[in-house]
1. Amide H to amide H under 5 Å from T88: which residues, 5+ apart in sequence or cross-chain, H placed 1.01 Å off N in plane?
2. Just to check I understand the Karplus step: with θ = phi - 60° and J = 6.51 cos²θ - 1.76 cosθ + 1.60, what whole-Hz values come out for region 10-26, glycine and proline as x?
3. Give the shape of region 54-119 as rounded, prolate or oblate, defined through the alpha-carbon gyration tensor: a ≥ b ≥ c are the square roots of its eigenvalues, a/c under 1.5 means rounded, and otherwise the shape is prolate if a/b is larger than b/c and oblate if not.
4. Any idea of the accessible area per residue across the chain, 1.4 Å probe, to the nearest Å²?
5. Let a ≥ b ≥ c be the square roots of the eigenvalues of the Cα gyration tensor of region 52-207; is it rounded (a/c under 1.5), or, if not, prolate (a/b larger than b/c) or oblate?
6. Sorting check: for 132-139, 9-16, 45-52, which peptide has the highest mean count of neighbouring beta carbons within 10 Å, and how do the rest follow?
7. Summing Lys, Arg as +1 and Asp, Glu as -1, what charge do residues with Cβ under 11 Å from the Cβ of G111 carry, G111 excluded?
8. Scan around G130 for amide H atoms under 5 Å from its own, H built in the peptide plane at 1.01 Å from N, and keep only partners 5 or more places away or cross-chain.
Amino acid sequence: MDYLGIDDEEFIRGKVPMTKKEIRILSLVNARLAPDSLVYDIGAGTGAISVEAARLVPDGRVYALERNPEAIALIRANAANFALRNITVINEEAPAGIAALPKCDAVFVGGSGGRLVPILDAVAMKLKSGGRIVVNCITVQSLMQAIEYFRSRDAEFSYETIQVQVTHLQQIGPYDMAKAVNPVYILTAKKWDKDQNGLADMNEKAV
């Protein structure tokens, strides 16, 4: 299994926004991927999360959905750069394209284009029991929309949210100055595993 946390500089970037390394690491850890996991990356951007996920699921597959033609080219370029053959790039604006995909073990939602709720509706139907949805939000409005969604489905999902603020020290002459990265909210929702240990999951929820 490959290491987690590729340096940002190793990706081909262009002008498309990219999820930074520290956020990728936390998001991927929260997804609890297995070597054979099937993963969706919604609003995949440059494909940074797709690439990291694909390296962690050598026996699985990552479906990267993206609407921006420039980003599609970057995802393919980054997949080729890391010699990955288990990434399928889909040029669709989610939730379009999700219904045709096989059931998945984990979902990453980055860009949603204002369609977060219909995207969550679509992936919730495709997510296996025990699977996880990781939503990265940079605005409070998107975060609250995600929280309200999973609160309304508390019989099917549990969730937790963290805010991540990363500050790098940048050398400027003889000094090391703090350079902050925009804070990101990471919401992780788990679908109750009713097939294998639903009772245990429901007891966990009650606690």
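The values are calculated or read from the model by the stated rules, or taken from the named source; none is laboratory data. Quick caveat: nothing in here was measured; it's all calculated off a predicted structure. In this analysis, Cβ positions are derived from the backbone assuming ideal geometry, glycine residues included, and neighbour counts consider all displayed protein chains. Ligands, DNA and RNA are stripped out before the accessible areas are found, and what is left, the full protein with its side chains, is counted by its heavy atoms. Shrake-Rupley method; radii C 1.70, N 1.55, O 1.52, S 1.80 Å.
1. Result for T88 returns V62, Y63, A64.
2. Using θ = phi - 60°, the values come out as 7, 8, 7, 9, x, 9, 8, x, 10, 5, 6, 3, 5, 6, 4, 4, 5 Hz.
3. On the way: a/c = 2.14, a/b = 1.30, b/c = 1.64.
Since a/c reaches 1.5 but b/c is at least a/b, the shape of region 54-119 is classed as oblate.
4. Values: 10590 Å² over 207 residues.
Result: 51 Å² of accessible area for each residue.
5. oblate
6. Details: 132-139: 21.4, 9-16: 14.2, 45-52: 26.9.
Ranked by mean Cβ neighbours within 10 Å, highest first: 45-52, 132-139, 9-16.
7. Numbers: positive: R67, R115; negative: D41, E66, E93.
Residues close to G111 contribute a combined charge of -1.
8. K191, W192, D193, K194
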